[in-house]
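Step one of this worksheet: look at the structure below.
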Amino acid sequence: MDKSSALEYINQMFPNESSLSGVEPLMQKIQNEIRTVDAGILAAVRQQSNSGTKAKEDLAAATRAVEELMYKIREIKTKAVQSETMVQEICRDIKKLDFAKKHITTTITALHRLTMLVSAVEQLQVMASKRQYKEAAAQLEAVNQLCSHFEAYRDIPKIIELREKFKNIKQILKSHVFSDFSSLGTGKETEEANLLQQLSDACLVVDALEPSVREELVNNFCNRELTSYEQIFEGAELAKLDKTERRYAWIKRRMRSNEEIWKIFPSSWHVSYRLCILFCKKTRKQLEDILDNLKEKPDVGTLLLALQRTLEFEDELAEKFGGGSQNREIGNEIEEIGRGTSSGNNALDIRKKYEKKLAAHQGGDTEGKDGSKDLAVPGAGFNFRGIVSSCFEPHLTVYVELEEKTLMESLEKLVQEETWDIEEGSQSSVLSSSMQLFLIIKRSLKRCSALTKNQTLFNLLKVFQRVLKAYATKLFVRLPKGGTGIVAAATGMDGQIKTSDRDERVICYIVNSAEYCHKTAGELAESVSKIIDTQYADGVDMSEVQDEFSAVITKSLVTLVHGLETKFDIEMAAMTRVPWGTLESVGDQSEYVNAINMILTTSIPALGSLLSPIYFQFFLDKLASSLGPRFYSNIFKCKQISETGAQQMLLDTQAVKTILLEVPSLGRQTSGAASYSKFVSREMSKAEALLKVILSPVDSVADTYRALLPEGTPMEFQRILELKGLKKADQQSILDDFNKHGPGIKQTQIAPTIVPAAPPVAPVVPSPSAVGLIASREDVLTRAAALGRGAATTGFKRFLALTEAAKDRKDGPFRKLFNP
């Protein structure tokens, strides 16, 4: 304990005087503990002293044991060295004898093999001179193996002599074999029965010689076989394009007639395979010369027949020497073009499609396995397809031109025979000419893909693009001409479009046909990209064609809107002829509203049933963007409008708005009705706001105009004053005041003041400008309420006063005025 801890301990034990009586017992207890600790310390010191002495004795004993161990190790090492020396002395003579035995054995073996080599070379020389090919082949293998043992003795004169002699013998064998094979094909094999057997044995000799000998022999044989072919078909009589089929007949006949004779060749040589490759290369060269030397364009029929026979021959070779036909898979890809007019394939269609592909793939594998049983070709990398037929590629321009001419003529015929109507009960609303055109294109694609999949197919795709663009033009030309109204002005079309009910159906058919062509053109491009050679696949694109049909769709829908606009012309004119300034009371909706309703009720159901939802929605948007602003501007074309006339017109506006909102239901397509309804409400609300401005008193008309039509112009405001029947002098003062305050109300946000119950505070006084604005708003509100009371007294039950415009606005000064 430190000093402070001791004091605390004493104070804790003796906190007061009465506790001092325990000092003696405590002192006695502490002394006993001290004696106990001293005794423990003494015992520990004694024990430590005894332990130190014993540790020194143990260490000394361990040191002595280590010294004895080291001595014994040195002694063992010395004895080991002595033993090794003794063993080396004993084995020195045995090692010399072992090396001597090894050298003698190697020498005996080498001499024995040398004797065998000399004897084998001499025997081989005799066999070569006697043309004993079968025995010579086996002897060649033996000599080759024996020579491999003397690679280390190449510089020894005897070995050099033997190797040179062996080389000469092989050369003699080669010359004999080549000489004997030169008689093959000359007819001697039929006269001499043992010649074929001798040549078969000679093949064994060739296999025993270097691989280059076999290559040279096969090449010589193939060139010799095709010498007569070159002589026959280079003549003036057969060196013609229309004689191409006879070339392939010649090689087939040659292979059939010599099939038994050529069995002398080992199957591993693949002589027939090599002969066909060389035949194809020579044929290609001759056909290229014929095509290049033509003085005028070749006849398309002759050219295609020659190409067809060439392709058939290539397929036969590919089938015989490995690789199945690809036409089945190509046909499946082409058949997928234009399957149905639905927006997409369902799961069942997709499943069937891939089941067909899997079945075709498995069928090709089976055929390949069957063909491999007849002849296994190691050169699987070689492709017979295109080895000859590719020489026709640069000369197939005439074929593409013929296809284009045929397609254009077919297009003209289809358009001429088109009824521009759909048979009753038909599930499709697409024109028959569209589907027939793509059927013709599919047949053309099948013909071309069966002939070539390179540049010509790519050129034919360009033809398809031109044909489809021409068809898009035909569809566009069939649309009714002219146009009027705001949409027509925006598109730059002049004149009026008068469309009957049949015209509207035809326009819908054109929209659906253009949509079908747009979709099918994409499928056509996808199929061609899978069929065509990979180097052209990236260039396959039908986006320009699809853009053409998209333009036809847009123009058709705009034309449909123009046609309805034209039907509305009479009703819009009737609206301006109504004597709005002299109406005495507000009644039911006007006749022109009923006529507008009749027009839409007649046309919309048919359009909704024929158009797809996306294009019907587009049509509705165009219709709303046309009729809303047109109705608004038509109000300005009217003459003077009294208060009663404005109320009647407001009723008509509400009725027209209701009619337009019911258009999606008439067409039985309500998927996009929400956005359309919002758009119609916004456009028609402008007309309602305009009429509410006309209804307002003269002294507040400027404020009401700025509140309801903040984007209005001074010219429109002046026309409103004219509609209200104000004289020029009265108009001028109102116009000056209107121009002085600006066209619209500038809204100032004033934070509301909340006065708590306690403690009281002084009221907040707004600025003078804010006071004026509040007063102005209250004035407008009071007069608008008066308008509502006046409308009620005239019996206008459906009049919604000025609050209807505020209902359609989310914010702005007008809504805040009418929602205090």
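Figure the gain on full extension for A44 and K469 (residue separation times 0.36 nm, minus the Cα-Cα span) and round it to one decimal in nm.
141.3 nm
Go ahead and run the numbers for FRET between D58 and E84, Cβ-Cβ distance against an R0 of 30 Å, rounding to 0.05. The partial results should precede the final answer.
Working: r = 40 Å, r/R0 = 1.32.
Taking R0 as 30 Å, the efficiency between D58 and E84 is 0.15.
Of the peptides 206-218, 117-129, 292-304, how do they stack up when ordered by the mean number of other Cβ atoms within 10 Å, highest first? Numbers along the way, then the final one.
Numbers: 206-218: 16.2, 117-129: 17.8, 292-304: 12.5.
With the highest mean Cβ count within 10 Å placed first, the list reads 117-129, 206-218, 292-304.
Within region 563-635, what whole-number % of the accessible surface is contributed by carbon and sulfur, with the 1.4 Å probe and all protein chains included in the calculation? Let's see the in-between values first.
On the way: 1720 of 2850 Å².
Of all accessible area on region 563-635, carbon and sulfur atoms account for 60 percent.
Hey, what do the phi angles of region 574-585 turn into as Karplus ³J(HN,Hα) couplings, whole Hz, using 6.51/-1.76/1.60 and θ = phi - 60°, x for Gly and Pro? Values per residue, Gly and Pro as x: 5, 5, 6, 8, 5, x, 5, x, 10, 5, 9, 8 Hz.
Once you put a point 7 Å from the Cα of E393 and another 7 Å from the Cα of K102, both along the Cβ direction, what distance in nm separates them? Taking the two extended label points, one gets 6.6 nm.
Please work out the average accessible area per residue across region 686-736, using the 1.4 Å probe convention, and give it in Å².
Working: 2040 Å² over 51 residues.
On a per-residue basis, 40 Å².
Were the residues from S200 through S18 laid out at 0.36 nm apart, the gain over their Cα-Cα distance would be 51.6 nm. A Förster radius of 60 Å combined with the Cβ-Cβ distance from R682 to N383 puts the calculated FRET efficiency at roughly 0.35. Using a probe radius of 1.4 angstrom, the carbon and sulfur fraction of the accessible surface of region 151-294 is 48%.
Hey, which of these cross-link pairs are over 19 Å Cα-Cα: K413/K474; K657/K686; K498/K678?
Details: K413/K474 12 Å; K657/K686 11 Å; K498/K678 29 Å.
K498/K678, as the Cα separations exceed 19 Å there.
Which value, in Å², gives the accessible area per residue of region 588-627 when a 1.4 Å probe is used on the protein heavy atoms?
Averaged over the residues of region 588-627, the accessible area is 39 Å².
Keeping all protein chains in place, calculate the accessible area per residue for region 1-82 (probe 1.4 angstrom), answer in Å². The partial results should precede the final answer.
Numbers: 7530 Å² over 82 residues.
I get 92 Å² per residue for this part.
Checking the a/c ratio against 1.5 first, then a/b against b/c, what shape does the Cα gyration tensor give for region 429-475? Present the calculation step by step, with values, prior to reporting the outcome.
Working: a/c = 4.68, a/b = 1.76, b/c = 2.66.
Oblate.
For the pair D569 and E544, a Förster radius of 51 Å applied to the C-beta separation gives a FRET efficiency near 0.85, rounded to the nearest 0.05. A 1.4 Å probe, protein heavy atoms only, puts the accessible area of F321 near 10 Å². Given the Cα-Cα distance of Q732 and V37 and 0.36 nm per residue of separation, how much length would full extension add, in nm? Residue separation times 0.36 nm, minus the Cα-Cα distance, leaves 237.6 nm. Annotation: E67 carries an accessible surface of approximately 120 Å², with a 1.4 Å probe and no ligand, DNA or RNA atoms counted. Extending 7 Å from Cα along the Cβ direction at E151 and again at H112 yields two label points whose distance is 2.2 nm. Separation of region 1-68 from region 212-285 is 120 Å, based on Cα centroids.
Shape call for region 1-150 from the C-alpha gyration tensor, a ≥ b ≥ c root eigenvalues: rounded (a/c under 1.5), prolate (a/b greater than b/c) or oblate?
On the way: a/c = 13.67, a/b = 3.38, b/c = 4.04.
Taking the square roots of the gyration eigenvalues as a ≥ b ≥ c, region 1-150 is oblate.
The values are calculated or read from the model by the stated rules, or taken from the named source; none is laboratory data. Note that this is a predicted model, so its numbers are computed, not measured. Using ideal geometry, Cβ is built from the backbone for each residue, glycine included, and neighbour counts are taken over all protein chains shown. Protein only, heavy atoms only, side chains kept; ligands, DNA and RNA dropped before computing areas. Shrake-Rupley method; radii C 1.70, N 1.55, O 1.52, S 1.80 Å.
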